[in-house]
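Down below is the structure, laid out as structure tokens.
The values are calculated or read from the model by the stated rules, or taken from the named source; none is laboratory data. This structure is a prediction, so every number in the text was calculated from the model and none was measured. FYI the Cβ positions are ideal-geometry reconstructions off the backbone, even for glycines, and counts take in every protein chain you see.
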Amino acid sequence: MDRYAVFGNPINHSKSPVIHRQFAAELGEQLQYDAILAPLDGFADSWHQFVAAGGKGANVTVPFKEQAYQLADVLSVRAKQAGAVNTLYIDSAGRLCADNTDGTGLVTDLQRLGVNLQGITVLLLGAGGASRGAIGPLLDAGVAKLVLANRTVSKAQAIARNFDQKVTACGYDDIPSQPYKLVINATSSGLSGERPNIEARHVEHCQLAYDMLYGAKPTPFLQWAQQQGVPQQADGLGMLVAQAAEAFYIWRGKRPDVTPVLALLQQQVQAA
Ligand code: ATR
């Protein structure tokens, strides 16, 4: 049976095994998908052991996304733009290929939520790995302009330099006044019970506030957006399932339906 896995440290919390086993069951694909705890200094060894034991492909999560990038023989455009990878596979020539499906997962999830990205200006908050991986796919999907705002301005500026003039960098105090229909929180602020400290006027025209994090309760950013009257809020659970679906497609050439898996995970997260 073809073997796949997710590598991380820690890895107990990972939802990838549940997601991929559900996808496989849905599509009648015979495969095994495990969670592998790689030592912090031993990702490459762990990957090589997995391949020697018949591993065909893997997802990579924290803290190995940059190490996987270094290890790859072939990097996709999406991986290069993100500077990190979340999906690995061996091609027919035996090369280690790496991709990043996180940003595509975000775009797919925004489309599921009914957002028309064509020609809009997006306000993207945060300048870490999550934010960097989202920019290329958002622009490819038709976003006309992207304002990248971060607490530490220099990090936003460093990312913006990798893209053309469609991406502008700023701090939270000098976000240009424009009607942003979509505001995305790609910071990890929710993990510490906080939200990016932006002014309410920047979400005045916002139709959807999106947070890449998820949890049993709405994140502080989503709660705040609701208080400001933003009509629709969504957390990152849909992005998680959609990035997995894209990885599954890379490995198996079949596109899973995300709806049943997302419903299952929503139940699990609520019950946790
Ligand atoms: P990831 O790979 O998940 O994006 P990261 O690279 O550590 O994680 O980046 C974390 C992001 O969250 C950064 O943009 C960080 O802002 P700074 O660059 O100014 O540190 C942002 N962040 C974390 N906590 C925050 C908070 N309480 N308020 C605003 N931004 C925060």
Among the residues of region 211-224, are any more than 15 Å from the ligand (Cβ to nearest atom), modelled with pLDDT of 95 or more and not aliphatic (A, V, I, L, M)? yes
Do we find a residue being aliphatic (A, V, I, L, M) and either within 14 Å of the ligand (Cβ to nearest atom) or assigned by TED's automatic domain parsing to the domain that holds residue 21 (or both) anywhere in region 192-201? yes
When residues of region 125-157 are filtered for being more than 10 Å from the ligand (Cβ to nearest atom) and either on the phi < 0 side of the Ramachandran plot or surrounded by 15 or more Cβ atoms within 10 Å (Cβ to Cβ) (or both), how many remain? 13
In region 53-77, how many are more than 16 Å from the ligand (Cβ to nearest atom) and acidic (Asp, Glu)? 1
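For every residue, the table says whether it meets (1) in the same structural domain as residue 41 (by TED's automatic domain parsing); (2) crowded, with 24+ Cβ neighbours inside 10 Å; (3) in a strand (DSSP E or B); (4) not basic (Lys, Arg).
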site: 58; (1), (2), (3), (4): yes, yes, yes, yes
site: 63; (1), (2), (3), (4): yes, no, no, yes
site: 66; (1), (2), (3), (4): yes, no, no, yes
site: 70; (1), (2), (3), (4): yes, no, no, yes
site: 81; (1), (2), (3), (4): yes, no, no, yes
site: 88; (1), (2), (3), (4): yes, yes, yes, yes
site: 94; (1), (2), (3), (4): yes, no, no, yes
site: 110; (1), (2), (3), (4): no, yes, no, yes
Just one of 208, 213 is in contact (Cβ under 8 Å) with a residue 60 or more places away in the chain and under 27 Å from residue 266 (Cβ atoms); which is it? 208
I need every pair where a residue in region 129-143 that is outside any helix (DSSP H, G or I) has its Cβ under 9 Å from the Cβ of a residue that is within 15 Å of the ligand (Cβ to nearest atom), sequence separation at least 6 or different chains. 143/135
Out of curiosity, is residue 118 of a type in the set (S, T, N, Q) and outside any loop (DSSP other than H, G, I, E, B)? no
Going through region 158-167 one residue at a time, which ones are surrounded by fewer than 17 Cβ atoms within 10 Å (Cβ to Cβ) and either within 25 Å of residue 232 (Cα to Cα) or away from the ligand (no atom under 16 Å from the Cβ) (or both)? 164, 165, 166
Which residue out of 177, 188 is exposed (fewer than 15 other Cβ atoms within 10 Å of the Cβ), among the hydroxyl-bearing types (Ser, Thr, Tyr) and away from the ligand (no atom under 16 Å from the Cβ)? 177
